[in-house]
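Engineer: Here you go, one structure.
The values are calculated or read from the model by the stated rules, or taken from the named source; none is laboratory data. Here the structure is a predicted model, which means the values were calculated and not measured. A quick note on method: Cβ atoms are made from the backbone with ideal geometry, for glycine too, and the neighbour counts reach across all protein chains shown.
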Amino acid sequence: MPMRKHQPRSQQLYLETRMGIITHTGDWFHTTSEHIEQFVPGLLNERSLDHLVKEAVAWLRSADSLALTLVLILLIYIHPFAAAAIAVAFHFFWYRFKSGLVTIYMGKLLKMMNSDGYLLLLSLVIISYIGMQGNYVAGSVGLVFFFLMKLGLLNRLWDKIDEDKADQLSLNDRVFKMILMKYAIYFDLAPSEVQSMEKKIKELAFNRKQGKG
């Protein structure tokens, strides 16, 4: 299968290759439009591959934006170190278990919360407010979290912990699989052979890591 480029209005969203889909942000999904049509026949007639990829990316990025929103709000009301601890615990839980929380109704909200405009405005307003209150420790914690989330450093830490779980589906693939299943249920398109889908995803992931693409 030749490489296929998908070009939205301003920038390339993703590439689809025989080894799977890679987004412009570097996220891999070990499936293709052909496999999606095989496992959930008719789904791509209801929701385009562009839509499905954007939805998956929104969920992948959601741990950072939700944790940053949470810590900024908590910094107004509680001790900054307690706010930081709660936000880190929330980030860990959401990042690791978000595939089980996927719903097709939150996609638009998450896309908005993941946007640079939302994150910059929220951070600027709340950190400025905290600074005017003279709480410089809380302001510093807010700034540290802003850069932690923008650089995805907590994500890298959680991924490092999971490196030895090579026999499991990756977080990216679990999220994408769950999105496919949720839309299949929504459009009353029974997903066929879920176990076969997981097997194919694992095969593509293994082949990519072994350089067989």
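Engineer: Could you tell me whether segment 24-31 includes any residue that is surrounded by 15 or more Cβ atoms within 10 Å (Cβ to Cβ) and either within 19 Å of Leu154 (Cβ to Cβ) or of a type in the set (S, T, N, Q) (or both)?
Structural biologist: yes
Engineer: Do you know which of the residues in segment 87-97 that are touching a residue at least 60 places away in the same chain (Cβ under 8 Å) and surrounded by fewer than 19 Cβ atoms within 10 Å (Cβ to Cβ) is farthest from the chain's Cα centre (by Cα)?
Structural biologist: Of everything passing the filter in segment 87-97, Val88 is farthest from the chain's Cα centre (by Cα).
Engineer: Kindly indicate the residue of segment 32-42 that is out of contact with any Asp or Glu (no Cβ under 9 Å at 6 or more places or on another chain) and crowded, with 17+ Cβ neighbours inside 10 Å and also modelled with the highest pLDDT among those meeting that condition.
Structural biologist: Ile36
Engineer: Can I ask one more? How many of the residues making up segment 77-86 are surrounded by fewer than 20 Cβ atoms within 10 Å (Cβ to Cβ), without any contact (Cβ under 8 Å) to a residue 60 or more places away in the chain and of a type in the set (A, V, I, L, M, F, W, C)?
Structural biologist: Count: 4.
Engineer: Pairs, please: C-beta under 6 Å, at least 6 apart or cross-chain, first residue assigned to a helix (DSSP H, G or I) and in segment 145-160, second among the acidic types (Asp, Glu) and surrounded by 14 or more Cβ atoms within 10 Å (Cβ to Cβ)?
Structural biologist: Met149/Asp64
Engineer: Shifting gears a bit: Does Gly107 satisfy being without any contact (Cβ under 8 Å) to a residue 24 or more places away in the chain, out of contact with any Lys or Arg (no Cβ under 6 Å at 6 or more places or on another chain) and not hydroxyl-bearing (Ser, Thr, Tyr)?
Structural biologist: no
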